[in-house]
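**Q** Attaching a single structure in structure tokens format; questions to follow.
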Amino acid sequence: MAVTLGVPKETTETENRVALVPDVARQLIGRGMEVRMQPGAGAGAFFADGDYHDVRMVEEREDLYREADVLLKVQPPSLEEIDLLGPETAVLGLLDPLGSPERVSRLRDRGVTAFAMELVPRVARAQAMDALSSQASIAGYKAALMAADLAPRFFPMLTTAAGTVRPAKVLVLGAGVAGLQAIATSHRLGASVSAYDVRPETKDQVASLGATFLELGVGASAEGGYARELTEEEKRQEQELLADRIADMDVVISTAAVPGRKAPILVREADVTAMRPGSVIVDLAAETGGNCECTQAGETVRHEGVLVYGPRNVPGRLPVHASEMYARNLANFLDLLVRDGQWAPDWEDEVVAQTVLTREGSVVPETVRERVEGGAT
Ligand code: NAD
């Protein structure tokens, strides 16, 4: 029997992305899979039901979940959605594996085979499946536009009959995937950009985008291209060294993250107070606690004349391209799970093995299992 993919409308109210776009649906059908969708699933991303050729629209959500062999999601399924799934079902999505032990234990107990796209290892072969990167690049681009929109000043230098305007000074904290896009976009808008990251290897990438790398002498690279969490002493040192630089900025875009941890605080309340009135901070780490002490997720806070914005779900604000890129990530990952239209995962493949979250009634990654078993399940 051909694998049936099910694509529901996302249940999170603010989510406009969809897990499958028409072009990718066509490719998957061409590879022997069957696709079923909930009517209106693509509407938030401007894809009409009629754009999905050869896809069967299933009116009843319960039927869609029950009939799917593989459910394709953007956001993690709610407990109610998990309960609609049959035990033989697989789920692919951004499942926030460390965010909700209750959800992971429900997937486990339901016997669902769940793949968390966040767990795709960052090896060269898996780049085309790397949803964290595709969505982070969108977030970085949009963060720069949000900062430009909030700022009460120009980003570029302007020479006009009414005088010369100096370019805005933008500091990007964290030069990972999102940070590099924020740097590139701010630079394209004409700002004078500097950036900082604890991974010294980002220095050349920052420079190649036309920005200045701040040398603070705090280095913390870890395995897999990520940063490690700083010690308390290093954190204090980093904050002290950044303070003077921040005070001189018109805009700070912060993107610093350590996987599985609360976001590091890089901008203290006193640093915000020291900024000039009319300065702007856009904190992309808002959903994991924020890089700035004044950040409130989903809000724009005015702190002594400085605007601090902590947007939520930034990739969801560019739903067309975010959905297209995400759907391609999923389709590339499905290549490892489905052969000739049949469910045939290669469990020995390191990308499959590292991405699986729950299988055959167990939580697979040790770090997640410890958290699930440590909490109330
Ligand atoms: P991330 O979202 O986990 O973190 C964002 C940035 O914050 C990182 O660059 C990190 O070094 C930085 N950071 C953490 N703590 C900090 C602190 N205290 N101060 C300043 N900066 C801090 O990272 P990401 O963007 O998802 O990716 C990190 C890196 O992984 C990439 O830049 C790249 O080198 C690597 N990567 C590899 C692949 C691949 O090979 N397939 C794909 C994507 C990313």
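**Q** If a residue has to be closer than 17 Å to K142 by Cβ and either among the aliphatic types (A, V, I, L, M) or touching a residue at least 40 places away in the same chain (Cβ under 8 Å) (or both) to count, how many in the stretch 176-208 make the cut?
**A** Total satisfying the criteria: 14.
**Q** Would a scan of the stretch 214-235 turn up a residue that is assigned by TED's automatic domain parsing to the domain that holds D149, away from the ligand (no atom under 13 Å from the Cβ) and within 28 Å of P277 (Cβ to Cβ)?
**A** No; the residues of the stretch 214-235 include none that is assigned by TED's automatic domain parsing to the domain that holds D149, away from the ligand (no atom under 13 Å from the Cβ) and within 28 Å of P277 (Cβ to Cβ).
**Q** Listed residues R122, R166, R106, R188; which is modelled with pLDDT under 95 and among the charged types (D, E, K, R)?
**A** Within the list R122, R166, R106, R188, the selection yields R122.
**Q** Kindly indicate the residue of the stretch 92-136 that is of a type outside the set (S, T, Y), more than 24 Å from T288 (Cα to Cα) and more than 10 Å from the ligand (Cβ to nearest atom) and also surrounded by the fewest Cβ atoms within 10 Å (Cβ to Cβ) among those meeting that condition.
**A** D109
**Q** Name, by its number, the condition in (1) out of contact with any helix residue (DSSP H, G or I) (no Cβ under 8 Å at 6 or more places or on another chain); (2) within 12 Å of the ligand (Cβ to nearest atom); (3) in contact (Cβ under 8 Å) with a residue 24 or more places away in the chain that does not hold for T273.
**A** Of (1) out of contact with any helix residue (DSSP H, G or I) (no Cβ under 8 Å at 6 or more places or on another chain); (2) within 12 Å of the ligand (Cβ to nearest atom); (3) in contact (Cβ under 8 Å) with a residue 24 or more places away in the chain, only one is false for T273: (2).
**Q** Would you confirm whether any residue within the stretch 204-212 is closer than 12 Å to A256 by Cβ and either near the ligand (Cβ under 7 Å from one of its atoms) or of a type in the set (V, I, T) (or both)?
**A** No, every residue in the stretch 204-212 fails to be closer than 12 Å to A256 by Cβ and either near the ligand (Cβ under 7 Å from one of its atoms) or of a type in the set (V, I, T) (or both).
**Q** For the stretch 97-110, state whether one or more residues are free of Cβ contacts under 8 Å to residues at least 40 places away in the same chain, assigned to a loop (DSSP other than H, G, I, E, B) and within 21 Å of the chain's Cα centre (by Cα).
**A** Scanning the stretch 97-110 turns up at least one residue that is free of Cβ contacts under 8 Å to residues at least 40 places away in the same chain, assigned to a loop (DSSP other than H, G, I, E, B) and within 21 Å of the chain's Cα centre (by Cα).
**Q** Give the residue that is surrounded by the most Cβ atoms within 10 Å (Cβ to Cβ), with candidates limited to residues of the stretch 236-250 that are near the ligand (Cβ under 10 Å from one of its atoms) and without any contact (Cβ under 8 Å) to a residue 60 or more places away in the chain.
**A** The residue in question is E238.
**Q** Across the stretch 334-367, what is the total count of residues that are within 25 Å of E102 (Cβ to Cβ) and in contact (Cβ under 8 Å) with a residue 60 or more places away in the chain?
**A** 12
**Q** Please verify whether the stretch 51-69 includes one or more residues that are out of contact with any Pro (no Cβ under 6 Å at 6 or more places or on another chain), within 22 Å of P315 (Cβ to Cβ) and at pLDDT 95 or above.
**A** no
**Q** Hey, among A285, A297, A344, A274, which residue is farther than 23 Å from A182 by Cα and not assigned by TED's automatic domain parsing to the domain that holds G44?
**A** The unique qualifying residue is A274.
**Q** Can you give me the ranges of the strands (runs of 3 or more DSSP E) entirely in the stretch 1-88 with at least 1 residues that are of a type in the set (S, T, Y)?
**A** Counting at least 1 such residues, we get 4-7.
The values are calculated or read from the model by the stated rules, or taken from the named source; none is laboratory data. A quick note: this is a predicted structure, and the numbers were derived from the prediction, not measured. Cβ atoms come from the backbone with ideal geometry, glycine included; neighbour counts cover every protein chain shown.
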